[in-house]
There are 2 protein chains.
Amino acid sequence: MGWHNVSVSMQNIYDDEVFFAGYQAMRDARSGINEAVKQPAFLALLPPLDDAVVVDLGCGDGQLCRVLVDKGAKSVLGVDHSARMFALAEKRTVDDRVRYLKSFAEQVTLPASSVDLVTSSLALHYVADLPPLLERLATWLRPGGWFVASMEHPVVTAAPELGSHPCIVDNYASEGERDTTWYVEGVVKYHRRISTIINGVIDAGLAIRRVIEPTPTTESLVQRPNLDHYGRLPAVLILAATKPLPR
Amino acid sequence: MGWHNVSVSMQNIYDDEVFFAGYQAMRDARSGINEAVKQPAFLALLPPLDDAVVVDLGCGDGQLCRVLVDKGAKSVLGVDHSARMFALAEKRTVDDRVRYLKSFAEQVTLPASSVDLVTSSLALHYVADLPPLLERLATWLRPGGWFVASMEHPVVTAAPELGSHPCIVDNYASEGERDTTWYVEGVVKYHRRISTIINGVIDAGLAIRRVIEPTPTTESLVQRPNLDHYGRLPAVLILAATKPLPR
C-alpha cells in the first residue's frame, strides 16, 4: 500500500464504492509511480522526526502516519474526511502514537505553535481554496517547524484529461475547478499555477526551503519502463517550507 | 524597443549578423509578448529604486538600465557580452548613471555587499552553469538586497522546438543544452526544471519572495489576440528573492 491520492476536499469521492474499489486495487497492486518515485522524494524532504508532533492532512488509510511514527515521531494526527478511509486507517493501525480525525482539513482547529511538522501527501489538489488552509496550518506550526506537501503537478492539473497523455499541457493560466474521470466520472480537482502555490505558502508566512519535481531514476526505469513518461512531463510537485524563527 | 532576450552566455549568437537583424526587427516592431505581458510583470516585482545601486545581467541594448535610472536608481551597471549589443547600448544611452561592461555575466567580479539590486531579463536560460553565477551575485548583494530575474519558462525550454507550439512539453526531467532555431540555427539554451532554478536561488543563500508566471490580461488579449496561447502554456518565469538580513 502507498499513501497517495487521498482527498481532503469537500467532495466525498473516496466514499464512492466504485471509486474506492478501483483506487484500493490500484494501491494494493503497487502499480503506480508512487513507490518508485513519489514516496522516496517525499520522505527525503522530511526533517528529523525524533519526538516530533505531526499532523498529516489527507491521511487516507494511514500509511504515512505509520511511517512517521516508525521514523520516531512522538505523535501523528491523521486527518481525512472519508468514512471509508477513516475505517481503513483505524483497522490498519495498532499504535497509540497515531490518532485519526474524520474531518476536512479546512475544518481542523489546533492550538498555535503546537506542531513540529505538517505533512500532506497528494491531497491539496482537492482543496478548492488553498490560502486559508495554508494560513491555518502555519499557525499550528511552532517557529522552526516544517510543512512538507506533495500534490499533482500544475502541468497535469491544468488540463487533466489531456495530462494523462504525456507532453500535452493546456489552460495553464486558467486556475480553478477541473472535473476529471478517475475510476468514476466527476472527480473534482483544483488547478493552480506553480507560482500561485508557492506564493500562497510564502503569504502564509512560511519560507520555501525546497521544491522537488521527482522523476524516475535510471534504476527504477529498468524495473518499471512504464514510468518513462514521468521524465517527459512532471507528475508531482513537492514543497518543503519552514516557519521562521522570531528575529 | 523592449529589453528582452539578451544573452549572457558564452555563445555569441547576438553577434551573428543574420540573428541580430531578425532580433532587432522583432524588437523594434514590438511584435512580441514582451511589452504586453513580460515587462509589466517584471517591473511590478522591483523593490523601491530610490538611490539604488543596480547591476543588470544581460542588458542588451540597455533599455532596462534606462528604465531603472528613470525610476530613481543611483547607478546601473549593464553587463552584456555581445559587441553589437554593447555598441547599441552605448549609442542609445546618454546618462552618466548608466555604465556598460562588455563581459559574460559569469565573469563579472564585484565587491561583496555593494549592490542593492541585481536584475536579469530573459538571459539566464543562456547560462550553462547557473549555480556559480547565483552564488556570485548573492555575494554582491547587501543584506536586504534584491534579485529579480525573468527567464524562459522551463515548460518551454524543455523541448523548445515543440514549445513553439502551445500545449506540448517534453523531456522536462532531462536538464541541459538545447539547440534551437531562432532566426538562425544553433541558438543554444539551457533547460532546467523550475525546481532546480528555485533550489539554486535558495542554495545561493537567498530567500524566495515571489514567483510569477505572467499571462495576458483580458485587456491585452483584446488588443493582441495572438497572445492567446500564452494563457495555455506559460512562456516566462520571473523570480524575486532577497538576501536575508543577519540574525
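The values are calculated or read from the model by the stated rules, or taken from the named source; none is laboratory data. The shown structure was predicted, so the numbers you read here are calculated from the model rather than taken from an experiment. Cβ placement follows ideal geometry from the backbone for every residue including glycine, while neighbour counts extend to all protein chains displayed. Note: accessible area is taken over every heavy atom of the protein model, side chains too, but ligands, DNA and RNA are not part of it. Shrake-Rupley method; radii C 1.70, N 1.55, O 1.52, S 1.80 Å.
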task = From A:T157, A:T139, grab the single residue that is without any contact (Cβ under 8 Å) to a residue 40 or more places away in the chain, among the hydroxyl-bearing types (S, T, Y) and buried (at least 18 other Cβ atoms within 10 Å of the Cβ).
result = A:T157
key: Hey, A:R210 of a type outside the set (D, E), facing another protein chain (nearest Cβ under 9 Å), in contact (Cβ under 8 Å) with a residue 60 or more places away in the chain and within 23 Å of A:N34 (Cβ to Cβ) or not   = yes
request  = Give the number of residues within the range B:102-112 that are open to solvent by less than 60 Å² (accessible area, probe 1.4 Å) and outside any helix (DSSP H, G or I).
outcome  = 4
All positions within the range B:181-207 that are facing chain A (nearest Cβ under 9 Å) and modelled with pLDDT under 95 = none
request  = Answer yes or no: is there a residue in the range A:78-101 that is farther than 18 Å from A:T196 by Cβ, open to solvent by 60 Å² or more (accessible area, probe 1.4 Å) and in a strand (DSSP E or B).
outcome  = yes
request  = Determine which member of the set A:I238, A:I168 is surrounded by 22 or more Cβ atoms within 10 Å (Cβ to Cβ) and either in contact with a Leu (Cβ under 7 Å, 6 or more places away or on another chain) or facing another protein chain (nearest Cβ under 10 Å) (or both).
outcome  = A:I238
ask   = Does A:R232 count as within 14 Å of another protein chain (Cβ to nearest Cβ), open to solvent by 20 Å² or more (accessible area, probe 1.4 Å), over 17 Å from B:V169 (Cα atoms) and not polar (S, T, N, Q)?
value = no
inquiry  = Could you check the range B:171-180 and list, in sequence order, the residues that are buried (at least 16 other Cβ atoms within 10 Å of the Cβ) and under 12 Å from A:L233 (Cα atoms)?
reply    = B:N171, B:Y172, B:A173
